[in-house]
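Peer 1: Submitted below is the structure of interest, expressed as structure tokens.
Coordinate-derived values only; no laboratory data. These figures come from a predicted structure and were not determined experimentally. Cβ sites come from the backbone with ideal geometry, for glycine too, and all protein chains shown count toward neighbours.
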2 protein chains.
Amino acid sequence: MANSGKKKATIYDLSVLSGSSPSTVSAVLNGTWRKRRIKESTAELIRSLAETHQYTANRQARGLRSSRSGLVGLLLPVHDNRYFSSLAQTFEAHVRSKGQCPIVVSASRDPEEERKTAETLISYSIDELFICGATDPDGVHEVCEAAGLKHINIDLPGTKVSSVISDNFEGGRLLTEAIIRHFPAGRPLEPNDLYLFGGRNDHASHERIRGFRAVKKELLGGDPDECIQPTGYAPNNARKAFEAFYARHGKLPRGLFVNSSINFEGLLRFMAEHPHDNFTDLVVGCYDYDPFASFLPFPVIMIRQNVEGMIAKAFEVIEQPRAAPRIHLVEPELVPPRTALTGPLDALKDIDLPRRKT
Amino acid sequence: MANSGKKKATIYDLSVLSGSSPSTVSAVLNGTWRKRRIKESTAELIRSLAETHQYTANRQARGLRSSRSGLVGLLLPVHDNRYFSSLAQTFEAHVRSKGQCPIVVSASRDPEEERKTAETLISYSIDELFICGATDPDGVHEVCEAAGLKHINIDLPGTKVSSVISDNFEGGRLLTEAIIRHFPAGRPLEPNDLYLFGGRNDHASHERIRGFRAVKKELLGGDPDECIQPTGYAPNNARKAFEAFYARHGKLPRGLFVNSSINFEGLLRFMAEHPHDNFTDLVVGCYDYDPFASFLPFPVIMIRQNVEGMIAKAFEVIEQPRAAPRIHLVEPELVPPRTALTGPLDALKDIDLPRRKT
DNA sequence: AGTCATTGCACCATCGATTGTGCAAATAAG
DNA sequence: CTTATTTGCACAATCGATGGTGCAATGACT
């Protein structure tokens, strides 16, 4: 009711209204007033004025003075993918619970854009930065370091500061083994029947491939190089790779290890163009979990990275005094076909009927 | 090289180094220097100093002075869902292209949290706010209005300010009709065979239901009330509703209109618990598109909302001087089963091999 | 040489909150 | 009643960038 005008109330407005000084108002409203020996009644008065005038602090001013902002950044490769968006969702909840404001930005896996985005965030004096899945984590590190900003890597490790990542080697092993064991003993998989598609020259892909090859050698007794097809992450490049294989062999490999759900979309595109092929006798293992993918008409075994665990660990590590860079591995989980897992969405209440407080 | 120390350079540092005043430095670096008749050579000097010292403006200071921040907010219900995350992705690209910084936050469909989140964003002096899928858009409106903040509704309309939303009635019609026509003439659908699950008491659900009922009446000659089951958006509530139907009838309806891909996850959960039921003779229509869902083992017809179109329209409308609140409808698109559409991810280059600029 | 216009820039207040310091008034101690 | 202590708060500098105003130096022109 007070002022439905345009301008927001400031501590100066309240100082006039309450008859005390701006510094007193400030102290009362930011909680340091006991330390400043402000009388309870004065504080009470100011608090009630703040209430009726809907005072909220101007955080730019506060941030300018204190060179903190209350903003915590998450730098993502992309938004629209269930893995990264659930990271964002979980990250948000953590930041909120600390009374800070999450700010989630994507940088398209472009090293230059990653650095520029970090610089932009820094210019807003963000308090911490979580660097997730960066193509060039160390480049971002330098930018952060120059600004004295606390930061940490997630999902893809850097060398200059600690990282929290999935145990991609173990995940790769688990997934590869599950694919192989999914085939009946009667028609077992040959080494040449199991291909890996997707991913690129990053730590996660390397580790997964390492796990993939290790298990193949161990269980299938062979591990031909041509079975590794790192196509990058773009769905269309993956599609082309499947298309090329299909053109040569007239079919897909019986077993597919797909490096990410984004690459999996490339497989879907391929399938859309081959509507009459039923792809029976096909088993797909996909790194990253997507509930819909899990129910596709062929067996899809997925790896769910422990998003909650990684985020929690990252917050734990970033709060600690900085030590020598270390890589913290978080174990991922194997998800059998046709599995609908709960996720961060389940934490939400289903609220109806907006109440209007006229 | 310059200073790898901790503090960032300010215009004062550059002013000392260049021998000119802070205001001159400021003018040079923010582009207003011609207006201020700064000599070209002075500008040149300052620019080169800024370069070598890696100057970047402190945006909190700038924002404080100019009461703008360069931040543009997007308030989302949730992140981890392909519809909302592709909205985020598209929104980001638009904001970036205007040289501003996107800030995407979710508020869990909680009216209280929506308002508080808006207030927080306002306290950072964001320049504009896009309110997407809010449970209580008018509540958020009031908060924005009190702060004199430009804002607009997306996805769910408000009454106090313009909105850009999908044509949910038409989308509902399209989808319902497609479901019905997907059944062979030999075994046509009865009115009681086609159910709608999910959604709640919001504008989008109402419109979709209206379209659903209209088409049912028109094509099936009947539209029983019990076929409408608004379960809210929580996946588990949808699951329970399917479970309940199944308990009563021993099967699912032959035709299902699922109100959102989040509700669809509830269907998956249901299916996971009935592994031996093949759900042949089932056709699902789902509002919202998910590439993986499109390839499920039963026919899934989806509606893709025109995310790019909505975002573009919203930017267009928000830039215009505010007029009487209007609802702008954007037509959604019907997506046949087994369709892999491209999305915002396809705009990204697939960059490899990070270059390090030691 | 004197007047006037132009060029080139410095000065200073300002945005709103924070925080170290100082100082009256109230209370306690002697 | 005086001195010492505590209480309660005001003052003013500060964070970094912006933009209005003013003023000296230079050049143009009579």
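Peer 1: Go through the residues of the range A:20-38 one by one and say whether even a single one is in a helix (DSSP H, G or I), surrounded by fewer than 20 Cβ atoms within 10 Å (Cβ to Cβ), at the interface with another protein chain (Cβ under 9 Å from one of its Cβ atoms) and within 16 Å of DNA strand D (Cβ to nearest atom).
Peer 2: no
Peer 1: Considering each of B:276, B:249 in turn, give the residue that is farther than 24 Å from residue B:136 by Cβ, surrounded by fewer than 16 Cβ atoms within 10 Å (Cβ to Cβ) and within 14 Å of chain A (Cβ to nearest Cβ).
Peer 2: Of B:276, B:249, the one residue that is farther than 24 Å from residue B:136 by Cβ, surrounded by fewer than 16 Cβ atoms within 10 Å (Cβ to Cβ) and within 14 Å of chain A (Cβ to nearest Cβ) is B:276.
Peer 1: Being within 13 Å of DNA strand D (Cβ to nearest atom) and surrounded by 24 or more Cβ atoms within 10 Å (Cβ to Cβ): is that true of residue A:60 here?
Peer 2: Answer is yes for this residue.
Peer 1: Something else about it: Has the range B:175-184 got at least one residue that is within 23 Å of residue B:316 (Cα to Cα) and more than 20 Å from the chain's Cα centre (by Cα)?
Peer 2: no
Peer 1: Related question: For the range A:84-126, name all the residues that are over 29 Å from residue B:54 (Cβ atoms) and surrounded by fewer than 24 Cβ atoms within 10 Å (Cβ to Cβ).
Peer 2: Result: A:90, A:93, A:94, A:96, A:97, A:98, A:99.
Peer 1: Would you mind stating whether residue B:87 is on the phi < 0 side of the Ramachandran plot, more than 13 Å from DNA strand C (Cβ to nearest atom), aliphatic (A, V, I, L, M) and in contact with a Pro (Cβ under 9 Å, 6 or more places away or on another chain)?
Peer 2: No.
Peer 1: Something else about it: Is the range A:150-165 home to any residue that is assigned to a helix (DSSP H, G or I), within 14 Å of chain B (Cβ to nearest Cβ) and closer than 30 Å to residue A:335 by Cβ?
Peer 2: Scanning the range A:150-165, I find no residue that is assigned to a helix (DSSP H, G or I), within 14 Å of chain B (Cβ to nearest Cβ) and closer than 30 Å to residue A:335 by Cβ, so the answer is no.
Peer 1: Does the range B:103-113 include one or more residues that are of a type in the set (A, V, I, L, M), in contact (Cβ under 8 Å) with a residue 40 or more places away in the chain and either on the phi > 0 side of the Ramachandran plot or not in a loop (DSSP other than H, G, I, E, B) (or both)?
Peer 2: Scanning the range B:103-113 turns up no residue that is of a type in the set (A, V, I, L, M), in contact (Cβ under 8 Å) with a residue 40 or more places away in the chain and either on the phi > 0 side of the Ramachandran plot or not in a loop (DSSP other than H, G, I, E, B) (or both).
Peer 1: Follow-up. Can you give me the number of residues within the range B:40-57 that are over 30 Å from residue B:126 (Cα atoms) and either away from DNA strand D (no atom under 13 Å from the Cβ) or not in a helix (DSSP H, G or I) (or both)?
Peer 2: 8
Peer 1: Could you say whether any residue in the range A:300-310 is outside any helix (DSSP H, G or I) and over 19 Å from the mean Cα position of the chain (by Cα)?
Peer 2: Among the residues of the range A:300-310, at least one is outside any helix (DSSP H, G or I) and over 19 Å from the mean Cα position of the chain (by Cα), which makes the answer yes.
Peer 1: Can we say residue B:78 is more than 15 Å from DNA strand D (Cβ to nearest atom) and assigned to a loop (DSSP other than H, G, I, E, B)?
Peer 2: Here the answer is yes, as residue B:78 does meet what is asked.
Peer 1: Considering only residues that are within 11 Å of chain A (Cβ to nearest Cβ) and under 23 Å from residue B:250 (Cβ atoms), which ones fall in the range B:280-299?
Peer 2: B:296, B:297, B:298
Peer 1: Where residues in the range A:114-131 are more than 9 Å from chain B (Cβ to nearest Cβ) and out of contact with any Leu (no Cβ under 8 Å at 6 or more places or on another chain), which of them is nearest to residue A:60 (Cα to Cα)?
Peer 2: It comes out as A:116.
Peer 1: Please verify whether the range A:185-193 includes one or more residues that are farther than 15 Å from residue A:254 by Cβ and assigned to a helix (DSSP H, G or I).
Peer 2: no
Peer 1: Of the residues that sit in the range A:32-71 and are under 16 Å from residue A:20 (Cα atoms) and charged (D, E, K, R), which one is farthest from DNA strand C (Cβ to nearest atom)?
Peer 2: Checking each candidate, the answer is A:44.
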